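The values are calculated or read from the model by the stated rules, or taken from the named source; none is laboratory data. Remember, it's a predicted structure, so these values are computed and weren't measured experimentally. We place every Cβ from the backbone using ideal geometry, glycine too, and count neighbours over all the protein chains shown.
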Amino acid sequence: MAVRHVNVVERVFGLSNRCAAGDPDALAELVGAYHQDALLESHLAAMPAGERGEVAVRSYFRRVSAYYREWQCVLDYVQDYGDRVLALGALRAVEPGGAEHEDAVGWIFSFRDDKIEAVKAYPSYGDALRAATARPSHVKTP
């Protein structure tokens, strides 16, 4: 099952870049990769509370596209963690004024069945890697 999750993440990156280029068919296909109640968390574009699933996915891409004149998600590394996938890459973007930048980003995709249940973007590889490999804390109470 895990290889399928990695394949979904790789496909989502390709679809995201097609969305960035204005392909409406890609956005419709991208929405289908997410559960109807999927949660998106990103440091790139603040998500309104309560938005989930298709509404959240469409809202996220609308926000990013409104903020940047051009943008592209780059996928450098993918690691399977069972029901989660760690993706490390970057956001390459051109702002409306013409300023270009590339920011490292780490994402953790969580799956339920074979669809994305949640995705969280982190502002650094280290933050995402720590989140992906964190052990649950077991606090003993006296």
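Annotations
- The set of residues from segment 128-142 being modelled with pLDDT under 60 and of a type in the set (A, V, I, L, M) comprises just one member, 139.
- Scanning segment 1-36 for residues that are under 20 Å from residue 121 (Cβ atoms), touching a helix residue (DSSP H, G or I) at 6+ places or on another chain (Cβ under 7 Å) and free of Cβ contacts under 8 Å to residues at least 40 places away in the same chain returns 15, 18, 26, 27, 30, 31.
- Of 39, 44, 30, all but one fail to be modelled with pLDDT under 95, farther than 30 Å from residue 97 by Cα and among the hydrophobic types (A, V, I, L, M, F, W, C); the exception is 39.
- Of the residues contained in segment 114-137, none is found to be assigned to a strand (DSSP E or B) and surrounded by fewer than 14 Cβ atoms within 10 Å (Cβ to Cβ).
- For first residues located in segment 51-70 and free of Cβ contacts under 8 Å to residues at least 12 places away in the same chain, partners that are surrounded by 15 or more Cβ atoms within 10 Å (Cβ to Cβ) and part of a helix (DSSP H, G or I) and lie 6+ apart or on another chain with Cβ distances below 8 Å form the pairs 51/59.
- Candidate set from segment 76-112 (those that are closer than 21 Å to residue 32 by Cβ and basic (Lys, Arg)); member that is surrounded by the fewest Cβ atoms within 10 Å (Cβ to Cβ): 112
- The residue that is farthest from residue 40 (Cα to Cα), among those in segment 60-107 that are touching a Lys or Arg at 6+ places or on another chain (Cβ under 7 Å) and of a type outside the set (A, V, I, L, M, F, W, C), is 96.
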